[in-house]
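Notes for the one structure printed next.
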Amino acid sequence: MDSNQSNQDNTPLRILATHPDTGTLRLIRDSISNLLNIDVDTSPSSEYAFELAVKRHYSLFLFGLDMPNLNGQLLYDMLYLIYPKIHPNNLSFPAVIYIGNDNEIGRSDEIKKDARVKDFLIRPLSIERLVRAINSSLQID
């Protein structure tokens, strides 16, 4: 994939990932940056991830489901309400991929009923599964 590739809004592809485990974030950033050549912003704080999403446009969100203070679903719902107002030039709202743990598998079917949710990944993350989920979510295959 070319680093100059852009989405339908003619903005470069960029992903925002937030998860409390910095090792997971490092795996996401390194894998996606190196294998797909897409810029990735990461934060272990969902509050700071919210601030980043306010400041710049993203093509896709990867949010930890169980985050301290502000869980991934609430973060996504909050962004869904304000994102069109703060990024009026972008035609579409970014989809989300949630990252959960084994104990959250039971919730995945309910979460995936939302059309905005593109996938639900269980930790430990597989690089292959991560890349495949992002490829299909951004339709860059």
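Coordinate-derived values only; no laboratory data. Only a predicted model underlies this, so the values are computations on that prediction, with no experimental measurement involved. Every residue, glycine among them, receives a Cβ derived from its backbone with ideal geometry; neighbour counts consider all protein chains shown.
Where both partners of a DSSP beta bridge lie in the chain, what percent of those bridges are antiparallel, to the nearest 5? Intermediate values should be presented prior to the final figure.
Numbers: 1 of 20 bridges.
Bridges in the chain that DSSP calls antiparallel: roughly 5 percent.
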Dipole-positive endmost among S46, I86, N101 within segment 13-141 (Cβ charges, Cα centre): I86
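Work out, step by step, the length gained on full extension between D30 and S136: first 0.36 nm times the residue separation, then minus their alpha carbon distance; give nm to one decimal. All intermediate terms of the calculation are to be shown ahead of the outcome.
On the way: separation 106, 0.36 × 106 = 38.16 nm, distance 1.88 nm.
Length gained, D30 through S136: 36.3 nm.
Based on the mean of other beta carbon atoms within 10 Å per residue, what is the order of 29-38, 56-65, most packed first?
Details: 29-38: 16.1, 56-65: 22.2.
Result, highest mean Cβ count within 10 Å first: 56-65, 29-38.
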Dipole magnitude (debye, nearest 20) for the chain, charges at Cβ of Lys, Arg, Asp, Glu: 200 debye
Chain lengthening between D109 and S92 when straightened (0.36 nm per residue, less Cα-Cα): 3.7 nm
Within a Gaussian network of the chain (alpha carbon springs, distance under 10 Å), most fluctuating of P124, P44, P12: P124
Percent of alpha-carbon pairs separated by more than 17 Å within segment 14-57: 29 percent
